[in-house]
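The values are calculated or read from the model by the stated rules, or taken from the named source; none is laboratory data. The model shown is predicted, which means the values in this text are computed figures rather than measured ones. Quick reminder, even Gly has a Cβ in these numbers, built from the backbone with ideal geometry, and neighbours come from all protein chains shown. Remember, those area values only see protein heavy atoms, side chains included, never the ligands or the DNA or RNA. Shrake-Rupley method; radii C 1.70, N 1.55, O 1.52, S 1.80 Å.
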Amino acid sequence: MATEVDTWSSAPQADGMFSYNENVAEANRSYSGDEDPLNEAEVNGNWTPQEKALHEARLKAKAKRRLRKSSSRNSTSESFSESGDVAGGDPNSPKGKVNTNDRKSRTGKGRGLPKKGGAGGKGVWGAAGMVYEDEEPDVRDPNYDESSQGDTVYAKVVPVVDEKELEKMVNPIVQEYFEHGDTKEVQTLLRELNLGPHKYEFSSLAVSLSLEGKASHRELTSRLLSDLTGKVLSQNDMGRAFDKILKELPDLILDTPEAPQMLGQFIARAIADHILPMSFLDYYKGKVDCEHARVALDRAAVLLTMKREMMRLDNVWGVGGGQRPVKHLIKEMNLLLKEYLISGDVSEAERCLRDLEVPHFHHELVYEAIVMVLESKGDTASHMIIKLLQSFWKTGLITVDQMNRGFQRVYNELPEINLDVPHAHSLMETFVDLCYQEAVITKQLRDAYPSRGRKRFVSEGDGGVIKS
């Protein structure tokens, strides 16, 4: 027994391990007040080997618990060796695991307090006593909620029309205006478009389109420019528009040879309507190199110097279409027929009739032509008028309705015409038959010709009785 105890006490101590004597001494020092003190005599004398081994195991366990309690690192230490931590400790123990959510410094420095004293970081309100000012909501903020901002005002933003797309958008507006002639609708459409710095080009495009059209289109364009000035466009915009057209005249005359003269009339009409300033022509004196532009400016200057009694500039394009007085249209149609009977040019007569732009009034031409045949002498006028009506019928210039109305008017007025032309009934009957043979009129219209009533007079010897 004594030999076994000596062997344990004399055995070398392993590195990193506590000897039995040290553990016993440490335990006696630590628990001298709390635990029962060990009697050195009992340990060495009266205990059995089993009791002694059990007591030693208890002492070792107490020493380990003591070591764990005192193994916390000192916050002022620089490394594990200084803080007393044992490298390669038990990973299953609470002290062996590294807490990734711990706010304490893992380098052993600092007091382990939250950053900025709790005043910074995500999801915090800041330090105690901090006062925040009211912030105006930012519309560009992704979290901006317009429904929670009170009354919301919506602003309509129209992008500026690109210069390349301007012509595509303006052409339909001008073409529709030539059909309905409502300037207010054009104003509404232009206000909806954001033309930006290119709005003056609307006037130049409208004038260019009217140069390729009819006289009525040019009259409508002049009225449109007059109504737009001061409301949608300014005098400066109009001046820039006409200046652009003057520069484009060499290209415009390729499609419209009379473009310089017509542009001069446009400029004169614009100055008379106060669309352009009176000094517009003075600006170009001695500064124009283009021959076509000089022709247009000279034409405008001549029209402006003429007396108002001789020519009114508000009728520089004439009165187009159905806006003309009926007497004026009748006079124009009579002149057309007389020129045709002299020249015999059907195409010229067709062109003049188209220029009148009164398709609803073509029945007047048919009526005047038939009356002219009845009042003429010989068969020459009859054959020429049939040839003219046949040409108008085949080209579709005069419709079935207009042709029927013209002949029906003559049928109804034959009694009055007969007062001036005694043989009007027989002449008319012959003319109707020729027109039907040449396929100018239909069979129904020929059959609608009124038959002349024949009166039986009392002759001598009848005793005053009218013959039946």
With a Förster distance of 41 angstrom and the Cβ-Cβ distance between HIS383 and VAL302, calculated FRET efficiency to the nearest 0.05 equals 0.35
Here Rg/Rh (Cα, Kirkwood) for region 321-431 equals 0.94
Expressed per residue, the solvent accessible area of region 321-409 in Å² (1.4 Å probe) is about 51
To the nearest 0.05, the calculated FRET efficiency linking GLN261 and HIS198 through their beta-carbon distance, R0 being 30 Å, is 0.60
Per the Kirkwood formula over distinct C-alpha pairs, the hydrodynamic radius of region 367-453 in angstrom is 13.0
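Accessible area of region 151-309 with a 1.4 Å probe: how many percent of it is carbon plus sulfur? Display every interim value, and only then the final one.
Details: 4480 of 8980 Å².
Answer for region 151-309 is 50 percent, counting heavy atoms of protein chains only.
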Reduced to Cα centres, the span from region 334-411 to region 184-255 in Å works out to 38
Highest mean packing first, using Cβ neighbours within 10 angstrom, the peptides 238-244, 429-435 sort as 238-244, 429-435
Per principal axis, largest first, the Cα atoms of region 145-292 extend in Å by 67, 34, 28
